[in-house]
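A short write-up of the structure that comes next.
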Amino acid sequence: MATIGVFDSGVGGLSVLRELMKVLPKERFIYFSDNAYCPYGNREPSFIIDRARAVSESLLHDGADVIVVACNTATAAATAALRNEYSSPCERVKELTGGRKDRVSFVGMEPAVKPAALGTKSGVIGVLATAGTLTGSKYLDMKSHYVDDVKIVEHVGKGFVELVEKGELDGERCERVVRGSVEPILEAGADTIVLGCTHYPFLAEVISRIAGPDVKIIDPAPAVARRLCNVIKEESILTGGGEGKVTLKSSGPDDALKRTFALIF
Ligand code: DGL
């Protein structure tokens, strides 16, 4: 049985955990919500790197064989630094794992610009994400491959993370907040919207209601689950034989985490 560490700034990464558990139902998962520091969206990359390091070390100490950064903002700010520090054989990983491992791999989020660009009929795609993701070099690099072929309209999901952390996933106020960021994308002619923040899939029903049936909503989580399976295979990490246990951890109060977990599992 493998132990898979998963983290996010809050409950958003549970939308990724849901997909990971579909493809790896027998493994042990440790989910860490760094909610004492949520949201990450507007924070300095150096702050996010420090948090990602602290959370990854806690997951390694608790037995993680591989770590999924289930947060687009942390992926943009910190995965290069994490891989640099922990993905080649090093003393720190040995120390944290009691000699069980000397390196660890990280699987990050990919904003699904490629499938959106390949599938659009109107030639306009929308990307909803945090400011940190939209200004990160990973996203800008990916976008540069498609800007000649499609128009990409970006919008920060203003207030979305706060709604999801509060468990306010529908209702009049929720719809008003979501409308504020989705309507400009629709007005630009988008027929596809990429959810570039792991909190946003919890608002997918509201987004879809506002956008209408002809607009496709893309959640990159299933692609991340496939990538995790490949990493597990490539690294011969032993899987199977377990019962699909999930341990929940958080840096702040755990009520939002427990509530959201109960909602989706
Ligand atoms: N869920 C996160 C993401 O995918 C972070 C949201 C936030 O903390 O601002 O970007």
Treat each spin label as a single point 7 Å out from the Cα along the C-beta direction, and report the residue 209 to residue 183 distance in nm. 1.6
In sequence order, calculated HN-Hα J values of the range 139-147 (Karplus, 6.51, -1.76, 1.60; Hz; x Gly/Pro): 5, 4, 5, 4, 4, 4, 6, 10, 4
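If you stretched the chain out fully between residue 245 and residue 114, how much longer would it get, using 0.36 nm times the residue separation minus the C-alpha to C-alpha distance? Walk me through the numbers before you get to the answer.
Working: separation 131, 0.36 × 131 = 47.16 nm, distance 3.33 nm.
Full extension of this stretch gives 43.8 nm more.
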In order through the range 186-198: 3J(HN,Hα) via Karplus (6.51 cos²θ - 1.76 cosθ + 1.60), integer Hz, x for Gly, Pro: 5, 5, 7, x, 5, 10, 9, 10, 8, 8, x, 9, 6
Whose amide H sits under 5 Å from the amide H of residue 4, counting only residues 5 or more places off or on another chain, with H placed in the peptide plane? 28, 29, 30, 65
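Which value, in debye to the nearest 20, describes the size of the charge dipole of the chain about its Cα centre when Lys and Arg Cβ atoms bear +1, Asp and Glu Cβ atoms bear -1, and nothing else is charged? Could you put the intermediate results ahead of the total?
On the way: 32 positive and 35 negative charges, 88 e Å.
Computed charge dipole of the chain: roughly 420 debye.
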In Å², what does the accessible area per residue of the range 156-210 work out to with a 1.4 Å probe? 41
Taking amide H positions as placed 1.01 Å from N in the peptide plane, with prolines and chain starts having none, which residues 5 or more places from residue 218, or on another chain, fall under 5 Å of its amide H? 193, 194, 195
For the chain, give the percent of accessible area contributed by carbon and sulfur heavy atoms, probe 1.4 Å, rounded to a whole number. 51
Note to self: C-alpha centroids of the range 115-129 and the range 187-225 sit apart, in Å, by 10
Relative to 2.2 N^0.38 Å, what does the C-alpha radius of gyration of the range 1-101 come to as a ratio? Two decimals please. 1.03
Which entries in the list 22/121; 143/233; 114/151; 216/258; 22/258 go over 24 Å, if you measure between the two C-alpha atoms of each? 22/121; 143/233; 216/258
Its Cα gyration tensor gives the range 111-265 an equivalent ellipsoid whose semi-axes in whole Å, largest first, are 28, 23, 14
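Taking R0 as 22 Å, what's the FRET efficiency between residue 26 and residue 259 from their Cβ-Cβ distance, rounded to 0.05?
Details: r = 26 Å, r/R0 = 1.18.
The calculated FRET efficiency here is 0.25.
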How long are the three semi-axes of the equivalent ellipsoid for the chain, computed from the Cα gyration tensor as the root of 5 times each eigenvalue, in whole Å, largest first? 31, 20, 17
Using θ = phi - 60° and the Karplus form 6.51 cos²θ - 1.76 cosθ + 1.60, what ³J(HN,Hα) does each residue of the range 202-211 get, whole Hz, x for Gly and Pro? 5, 10, 4, 5, 5, 4, 5, 5, 5, 6
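The values are calculated or read from the model by the stated rules, or taken from the named source; none is laboratory data. Since we're looking at a predicted model, the values are computed, not measured. With ideal geometry, Cβ positions are generated from the backbone for all residues, glycine too; neighbour counts draw on all protein chains shown. Side chains included, ligands, DNA and RNA excluded: accessible areas come from the protein's heavy atoms. Shrake-Rupley method; radii C 1.70, N 1.55, O 1.52, S 1.80 Å.
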